[in-house]
Structure formats: C-alpha cells, structure tokens
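Please read the structure below before turning to the comments.
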Amino acid sequence: MTSQRLYHLGFGRDDLGAVPPTIALLSGDPERSHFIAKTYLQGDRLLSTNRGLNSYIGNLANGRSLLAATSGMGAPSLSIVVNELVQLGIRQIIRVGTCGSIQDYVPAGSIVISQAALCRQGAANDIAPVEYPAAADPFLTVALVQAARELGVEYHLGITASVDTFYEGQERVDSANPHLMRSLQGITAEYRRLNILNYEMESGTLFKMAGVYNFAAACICTVVAQRPSSEEILLKQQEDSGGNAIAVAIRVIENLA
C-alpha cells in the first residue's frame, strides 16, 4: 500500500482512515457514486474529485467501511482506477452500472448479473492474452443472486458482451456513423444466438484484472435499453430501477463475513 496520493485517484492510503476499506463499489458515472455515498454511507466523506473520478468513503449501518469510487466511461479509464485501488488495498470490487439487453426475455428495468464476459476490449489485451478468461468471482456472483432474491429484484444471470465502444461496437447505427464495418454488421444477432444477455463496456477488463491481480470482482447492471427492438436509452427505467442494482450490491456487502 502507498501513503502517497495516487496520480489519477487523487488520494492515498493515509486518506482512508485507521481501518481502511477493502471493498469498493465502482460506478462509471460520478453521480452514481455520489448517490451511493449519500444514500447508504454514514459519515460519508469526499476523498477526491480528481479528473471527475469522484470517490467517497464511509461506513454502512453495520459499521463496515466502504469506498464508492468512479471508474469513468470504458475499459481504459477503469483499468487505471482499478490498478490504483488495488495498490491502496482494495481486495473486492463490485461494478454497478447500466447495460443494453440483447435478449427479448431480459427487459428494461431488470438487472443483469454477469458470470463472465465475452471480452472485446483493447485495454484487456494489455493485462492478459485474448484467450485469458474474463470470469467474475463465483462467490460474489452467487451472493449477488441471493441478494436479488432476498430483495425481490428481477435479475438475469449470464454472459455479458463487454466491448470498447458504445455506438459502433454495439452495432448502433443511429449515430454520427451509420456505416458499420462488415465485421460488426449482424453481431448483435450473433451474440443473441450465443446466449449472451447484454452489452456493456467495462466488465471484461475488470474480470481479467481480477484474475491477474488476484482480487475478487463482480458486476451488476441495470438494463436501460432493449436492443432487440430499439437503440433508445430508457431514462425512466434507469431512474426507477437503477437503485435496485445498488441495493443488491449493498446487501451483499452487508452480508459479508
């Protein structure tokens, strides 16, 4: 561990208190990290807003210390944040994010718990070879499933397509570039036939880093787009059910021994 403030996070070991947290909830959106801190953490304290990577520390109702951190958008940014979090002693990371459903039976407003990722990310290739498995920690993953059941939250467990780009990489044509490369045309249907549940942009690299760095990682995402029928982001579903994924992750942390 390092007592010096790390370059990207903007805080160091000495900022984490006498009993530093070993688990972090990681969100792409700084507003989600802020929501977690203000909703669930007692005595929450802002650690840094460096580079928009807002991070907070506080205690859950049971006294467990928790770090709510921001990864930014995409795997390259996440890889930097995760590397520095591990340097500071974080040993368990749960990504709490949003995603687009690929399957008709995974509706907007439900949550997807990723057991593994099809990893199509350049950042991950700097961590481990393409063939290296991008798999979530099985114990954290089962704990997420159990917590979702306890809270009565609709969930789907399966494989996630983790890709680098929001538009081209997820076969969106309603954008500045309606002309996709041939290799990406029809890829969503192909992934659907492979029983992949959803698109998102960070879990594959997170899972590979967990394997290489020897920490536990899991991912839970709220479905905010129903890709079989539309490219539209359903903001109401994000607002109404985004808290469900967070509540499930918080329940897991509360139940940890």
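The values are calculated or read from the model by the stated rules, or taken from the named source; none is laboratory data. Computed from a prediction, not measured in an experiment: that's the story for all the values here. Glycine gets a Cβ as well: all are built from the backbone with ideal geometry, and neighbour counts include every protein chain shown. Heads up: the accessible areas ignore ligands, DNA and RNA and are worked out on the full protein's heavy atoms, side chains in. Shrake-Rupley method; radii C 1.70, N 1.55, O 1.52, S 1.80 Å.
How large a share of the accessible area of region 93-168, in percent, is made up of carbon and sulfur atoms when the probe is 1.4 Å and the other protein chains stay in place?
Numbers: 1850 of 3260 Å².
With neighbouring chains kept in place, the figure for region 93-168 is 57 percent.
Between 0 and 90 degrees, rounded to the nearest ten: what's the tilt of helix 75-87 against the longest Cα principal axis of the chain?
20 degrees
Points 7 angstrom from Cα along the Cβ direction at Ser229 and Thr49: gap in nanometres?
My value for the distance between the label points is 4.0 nm.
Which whole number of Å³ per residue matches the convex hull of the alpha-carbon atoms in region 162-230? Walk me through the intermediate numbers first.
Values: hull volume 7.6 nm³, N = 69.
With only Cα atoms used, region 162-230 gives 110 Å³ per residue.
Of all alpha-carbon pairs in region 85-147, indicate the percentage at a distance above 15 angstrom.
Details: 1290 of 1953 pairs.
Everything past 15 Å amounts to 66 percent.
Test of understanding: what is the full-extension gain from Tyr132 to Glu154, defined as 0.36 nm times their sequence separation minus their Cα-Cα distance?
4.8 nm
Can you work out the FRET efficiency for the pair Asp104 and Met181, with r the C-beta to C-beta distance and R0 = 25 Å, to the nearest 0.05?
Details: r = 26 Å, r/R0 = 1.04.
So the FRET efficiency works out to roughly 0.45.
Could you work out how far helix 235-255 tilts from the main Cα principal axis of the chain, as a 0 to 90 degree angle to the nearest 10?
Around 50 degrees separate the two axes.
Looking at the chain, send over the antiparallel percent of its DSSP beta bridges, to the nearest 5.
On the way: 14 of 45 bridges.
Taking every DSSP beta bridge with both residues in the chain, the antiparallel ones total about 30 percent.
Can you give the accessible area per residue of the chain, in Å², using a 1.4 Å probe?
Details: 11290 Å² over 257 residues.
On a per-residue basis, 44 Å².
Taking only Cα atoms and a 10 Å spring cutoff, compute GNM fluctuations for the chain and point out the largest among Phe11, Phe139, Phe207.
Of Phe11, Phe139, Phe207, the Gaussian network model singles out Phe139 as fluctuating most.
Can you pull a Stokes-Einstein diffusion coefficient for the chain at 4 °C (1.567 mPa s), Rh from Kirkwood over Cα pairs, as a whole number of µm²/s? Intermediate results must be reported in sequence, preceding the final value.
On the way: Rh = 18.2 Å.
The diffusion coefficient I find is 71 µm²/s.
Find, among the GluC sites (Glu not before Pro) in region 79-178, those assigned to loop by DSSP (not H, G, I, E, B) with at most 12 other beta-carbon atoms within 10 angstrom. Walk me through the intermediate numbers first.
Working: sites: Glu84, Glu131, Glu150, Glu154, Glu168, Glu171; in loops: Glu131, Glu154, Glu171.
Within region 79-178, the qualifying GluC sites (Glu not before Pro) (loop, at most 12 other Cβ atoms within 10 Å) are Glu131.
Order 29-35, 12-18 from most to least packed using the mean count of other Cβ atoms within 10 Å.
On the way: 29-35: 18.6, 12-18: 14.7.
Most protected by this proxy first, the peptides run 29-35, 12-18.
Taking the full set of protein chains and a 1.4 angstrom probe, give the accessible area of Ser77 in square angstrom, rounded to the nearest 10.
Estimated to the nearest 10 Å², Ser77 gives 40 Å².
Restricting to region 1-106, what percent of DSSP beta bridges are antiparallel, rounded to 5? Present the calculation step by step, with values, prior to reporting the outcome.
Values: 8 of 16 bridges.
Once the DSSP bridges in region 1-106 are tallied, antiparallel ones form about 50 percent.
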